[in-house]
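Asker: I have a structure I would like to understand better, so I am pasting it below and will then ask my questions one at a time.
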Amino acid sequence: MKQEVLFMSQDIDYQTADVLFDRYGDNPIITPDNWPYVVNATFNPGAVEHDDETLLLVRVEDMRGFSHLTIARSKDGRSDWVIDEEPFLQPDPDIEEEQWGIEDPRIVWMEDREEYAITYVSFSAGGPTVSLATTKDFQSVERRGALLPPEAKDAALFPRMIDNRYVLIHRPIVRGQAHIWMSFSPDLKHWGDHRILLPVRPGWWDCSRVGLGPPPIETNDGWLVLYHGVRETARGSLYRIGLALLDLNEPWKIIRRSSHWVFGPRRSYEKIGNVPGVTFATGAISNRRTRELRMYYGAADSTVCLATSNLDAMLEYLGIE
């Protein structure tokens with residue numbers, strides 16, 4: 001199906017490309033040194049507000065190179081993080097999909113189910129795929145199993161059904177191509193009507209791979225999507241962040257897509273680490289009253305960082321007045 005994608009053409013100089021976001025002055029906000037047990041890296045958290053706290057579900061890489069998910073909490077979402085002594089979700093050795101770890105969670109509150117849905121990457125011998133777990137209180141959790149066959153990553157559900165179907169954004173690898181796709185389900189088990197949503201753009205900053213960042217954010221003007229784009233360079237992969245706006249009622253229709261990246265590795269903590277040159281957003285919390293958006297991202301696959309923006313400024317950047 002042919003897609004009409006509108007590219008913005010703002011004349012933004014490279015040196016000012018990050019004008020939409022302010023990095024938190026005390027970044028990184030969470031590092032392996034903060035952890036109550038020995039780990040290699042803490043990064044790529046899912047984010048949600050729960051019980052008057054900001055809750056981050058952090059990807060934690062152990063000293064074997066396998067990942068699990070642990071909760072960190074903060075009253076203001078910026079500082080004084082309290083980290084659980086034990087993981088919230090560990091790979092289950094009896095589940096084939098999870099034998100090499102679980103990674104990169106995204107969290108949404110599902111209105112119709114009255115529970116949180118956590119999509120995450122489960123890593124099997126057959127490759128990575130997307131799995132689902134649900135919780136009402138972040139005390140107990142129920143695994144729902146793999147949603148898609150390998151290879152798939154970077155997935156999140158929309159927070160409500162659209163036309164009586166659940167909607168999932170994800171990033172499969174199909175014939176070597178890494179576009180962002182959308183799929184639909186009546187029951188969170190059987191998925192179909194698969195279609196490409198955001199393709200890579202040959203020659204652009206997002207020419208090698210694209211993938212969803214945090215879950216889609218509902219605004220009056222459409223679903224605001226932050227996504228990462230990858231470009232392979234002589235020094236390795238560069239992971240930067242762009243924007244798109246999807247139609248509220250037909251989210252497979254793209255209203256706008258930014259031509260420039262709006263956030264990328266600039267600081268030393270984003271350029272030096274396990275994987276240099278990576279800014280990888282997986283969690284965002286928006287405030288409809290103040291219009292502030294807090295974006296939580298992994299820096300260099302090593303630490304958790306925070307940057308803030310304004311919803312109205314982001315929509316204006318996309319040409320929405």
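Asker: Compute the convex hull volume of the Cα atoms of the stretch 239-321, divide it by the residue count, and report the result per residue in Å³ as a whole number.
Answerer: Residue-normalised Cα hull volume stands at 106 Å³.
Asker: Note the full-extension length gain between ASP26 and GLU115 as 0.36 nm times their separation in residues minus their Cα-Cα distance, in nm to one decimal. Spell out each step's value before the answer.
Answerer: On the way: separation 89, 0.36 × 89 = 32.04 nm, distance 3.26 nm.
Result: 28.8 nm gained on full extension.
Asker: Tell me, how many Å apart are the Cα centres for the stretch 276-321 and for the stretch 221-275?
Answerer: Comparing the Cα centres of the stretch 276-321 and the stretch 221-275, I get a distance of 10 Å.
Asker: Turning to a different aspect of this structure: If R0 is 25 Å, what FRET efficiency do you get for ASP312 and ASP92 from their C-beta distance, rounded to 0.05?
Answerer: Efficiency at R0 = 25 Å is approximately 0.05.
Asker: Here's a follow-up. Relative contact order, percent, of the chain when contacts are C-alpha pairs under 8 Å separated by at least 6 residues?
Answerer: This gives 18 percent for the chain.
Asker: Give me Rg over Rh for the stretch 146-298, both radii from the alpha carbons and Rh done the Kirkwood way, two decimal places.
Answerer: 0.96
Asker: Sort all Cα-Cα distances of the stretch 105-236 into consecutive 10 angstrom bins from zero, then give the percent of pairs in each bin up to the one containing the longest distance.
Answerer: 12, 42, 34, 11, 2
Asker: Can you give the Kirkwood hydrodynamic radius for the chain, in Å, rounded to one decimal and based on Cα pairs?
Answerer: Its Kirkwood hydrodynamic radius stands at 19.5 Å.
Asker: For the chain, what does -39500 (n - 2.57) per DSSP helix run (n ≥ 4), summed and divided by total residues, give at 222 nm, in deg cm²/dmol to the nearest 500?
Answerer: Numbers: 2 runs with 11 residues, N = 321.
Calculated at 222 nm, the ellipticity per residue is -500 deg cm²/dmol.
Asker: For LYS253, list the lysines whose Cα falls under 16 Å from its own Cα; do not include residues on the same chain fewer than 8 positions away.
Answerer: Correct list for LYS253: LYS2.
Each value in this text was obtained by applying a stated rule to the coordinates, not by laboratory testing. Keep in mind that what you see is a predicted model, and the values were worked out from it rather than measured. Using ideal geometry, Cβ is built from the backbone for each residue, glycine included, and neighbour counts are taken over all protein chains shown.
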